[in-house]
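Right, I'll just put the structure down here and ask away after.
Rule-based calculations on the coordinates, nothing more; no lab input. A quick note: this is a predicted structure, and the numbers were derived from the prediction, not measured. Neighbour counts are summed over all protein chains in view; Cβ atoms, including those assigned to glycine, are modelled from backbone coordinates with ideal geometry.
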Amino acid sequence: MKPSLFNFIVDFYYKNGQYPKVFLSGAITNRIDTYKMFFDNAELKFKCLGIECYNPARIDINTPWGKAMEETIAQINQCDCLFVLKNWETSKGVKIEIKKAKDIGIPIFFE
């Protein structure tokens, strides 16, 4: 059985003396009018707990998709886990981010 996000955060803190850095992953292209709200709400919840997040919704929306994905992949390498927001299943970018997280061995949690 996979550990819960809560257990992961607590265990990480006890082992490392700090909270993990969380990468927020979620659909953007197919939720162009509402994606920022979902990402920003998730980021706020983590920040209220003192947990740093990388929020890809902060990338300028006019950035070409490939360039934005390069940035997100680079950021995943700096994070300790991936948190996937709801309704990601049709997102090509999220699938790439999940694969990257698996490749580098960081845990993946789903909203």
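Among the DSSP beta bridges whose two residues both lie in the chain, what percent are antiparallel, rounded to the nearest 5?
Antiparallel: roughly 0 percent of the beta bridges in the chain.
For the stretch 1-103, which trypsin sites (Lys or Arg not before Pro) pass both filters: DSSP loop (anything but H, G, I, E, B) and at most 14 other C-beta atoms within 10 Å?
Here the trypsin sites (Lys or Arg not before Pro) that fit, given the DSSP loop and packing criteria, are Lys86.
Which pairs in the list Lys21/Lys92; Lys15/Lys95; Lys15/Lys86 are over 26 Å apart, alpha-carbon to alpha-carbon?
Beyond 26 Å between Cα atoms: Lys15/Lys95; Lys15/Lys86.
What aspartates and glutamates does Lys45 reach when the alpha-carbon gap must be under 13 Å and sequence neighbours fewer than 8 apart in one chain are set aside?
Cα-Cα hits under 13 Å: Glu111.
Just grab the label-to-label distance for Met37 and Asn7, each label 7 Å out from Cα along the Cβ direction, in nm (one decimal).
3.4
Per the helix-only calculation at 222 nm, which mean residue ellipticity applies to the chain, given -39500 (n - 2.57) for every DSSP H run of n ≥ 4 and division by its residues, nearest 500 deg cm²/dmol?
After summing the helix terms and dividing by residue count, I get -14500 deg cm²/dmol.
Here's another thing I want to ask about it. Quick one: pull the percentage of alpha-carbon pairs in the chain with a separation above 25 Å.
16
Can you sort Tyr54, Tyr19 so the residue with the fewest Cβ neighbours within 10 Å comes first?
Starting with the residue having the fewest Cβ neighbours, the order is Tyr19, Tyr54.
How big is the charge dipole of the stretch 5-110 about its Cα centre, in debye rounded to the nearest 20, if each Lys and Arg gets +1 on its Cβ and each Asp and Glu gets -1 on its Cβ?
My answer is approximately 160 debye.
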